[in-house]
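Inspection log for the structure reproduced underneath, given as structure tokens.
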Amino acid sequence: MSNDQDNKIVKAIKDKAKDLEVEMSFFDHIEVLRWHLIRSCIAILAFTVLAFVYYDFVFDKIIMGPKRPDFWTYRMLCKLGDYLGRPGFCIDKIPGEIINTEMAGQFTLELNSALIIGVTLGFPYLLWELWRFIKPALHENERKAASGFVLYASLLFITGILFGYYVVAPESISFLANLSVSDQIKNTFTVDSYLSSVATLTLATGVVFQLPMIVYILSTIGLLTPKFMRSGRRYAIVGILVIAAVITPTPDMLTMSIVSVPLFILYEVGIVVAGRVEKKKLKKHNALMKQQG
């Protein structure tokens with residue numbers, strides 16, 4: 001056998017070994033990710049079980065809260081109306097009857113609402129587990145730059161959830177419950193429809209409040225700049241109004257304005273975040289040029 005053939009065989013064996021090493025490394029990463037996701041699911045399941053055990057409180061105080069006239073938001077609006085001399089601000093009646101139309105509807109309601117509570121409470125832990133998976137692949141400077149990601153993302157999510165639950169959901173439910181095109185039509189809502197509305201409005205607002213974190217990620221990888229965001233502010237305003245219209249299923253301008261204003265503020269915060277990221281990149285670039293010089 002010639003030397004060339006021997007070299008080809010040796011090269012083929014080395015290439016095969018490298019392929020196997022890469023393949024094993026890939027499956028090792030998948031295995032690590034799987035355990036991170038399993039721990040996240042266990043945490044969400046634990047919160048879900050906890051919500052199921054204390055379901056009387058969850059249903060009466062949390063889920064049905066925006067349907068009760070003594071809800072915190074409605075009481076604050078009444079106080080605000082008294083202070084401003086505008087009694088029209090006060091919401092003291094949420095008409096409409098909530099009914100169940102399916103045999104297993106109430107049991108399904110328990111499961112679905114407990115799961116929604118579990119996912120909401122377990123979301124910060126899910127972010128932390130994902131951060132633990134990504135962290136080893138980052139360089140030291142990248143770890144420092146993204147060290148507060150989980151904290152800030154969790155705070156924004158919780159702020160969005162509270163804003164959605166205490167502002168967006170009650171305003172939308174009050175508008176829809178009081179809307180009547182004819183006295184001959186009585187508002188009667190299924191419990192699934194009510195739960196879906198409260199959960200969608202609340203969770204959607206929590207997700208939308210992640211805008212600064214999305215801007216940070218896109219700015220870090222170079223897909224977004226503060227100059228681009230400033231020049232596209234007019235288009236962003238239109239997009240924010242569309243998002244507000246989607247989140248709030250009402251044509252009520254007051255409710256849309258209540259949702260739009262925080263989104264405008266978050267967009268401006270995103271511009272500041274993108275500016276800081278750009279300054280850090282420029283600083284690193286100048287330091288690198290000095291070292292090379």
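The values are calculated or read from the model by the stated rules, or taken from the named source; none is laboratory data. All values reported here derive from a predicted model rather than from experimental measurement. Cβ sites come from the backbone with ideal geometry, for glycine too, and all protein chains shown count toward neighbours.
Couple of notes before you dig in:
- Candidates Tyr54, Tyr83, Tyr74, filtered to the one that is more than 23 Å from the chain's Cα centre (by Cα) and modelled with pLDDT of 90 or more: Tyr54
- Which numbered condition Val119 fails, given (1) at pLDDT below 90; (2) under 24 Å from the mean Cα position of the chain (by Cα): (1)
- Residue check, Gly96 more than 30 Å from Leu288 (Cβ to Cβ), surrounded by 13 or more Cβ atoms within 10 Å (Cβ to Cβ) and more than 25 Å from the chain's Cα centre (by Cα): yes
- Helices (runs of 4 or more DSSP H) completely within segment 68-180 that count 2 or more residues being under 30 Å from Asp192 (Cα atoms) and not charged (D, E, K, R): 72-84, 105-134, 149-163, 169-178
- Filtered residues of segment 42-71 (kept if exposed (fewer than 13 other Cβ atoms within 10 Å of the Cβ) and hydrophobic (A, V, I, L, M, F, W, C)): Ile42, Val49, Val53, Phe57
- Helices (runs of 4 or more DSSP H) wholly inside segment 184-252 containing at least 2 residues that are aromatic (Phe, Trp, Tyr) and surrounded by fewer than 13 Cβ atoms within 10 Å (Cβ to Cβ): none
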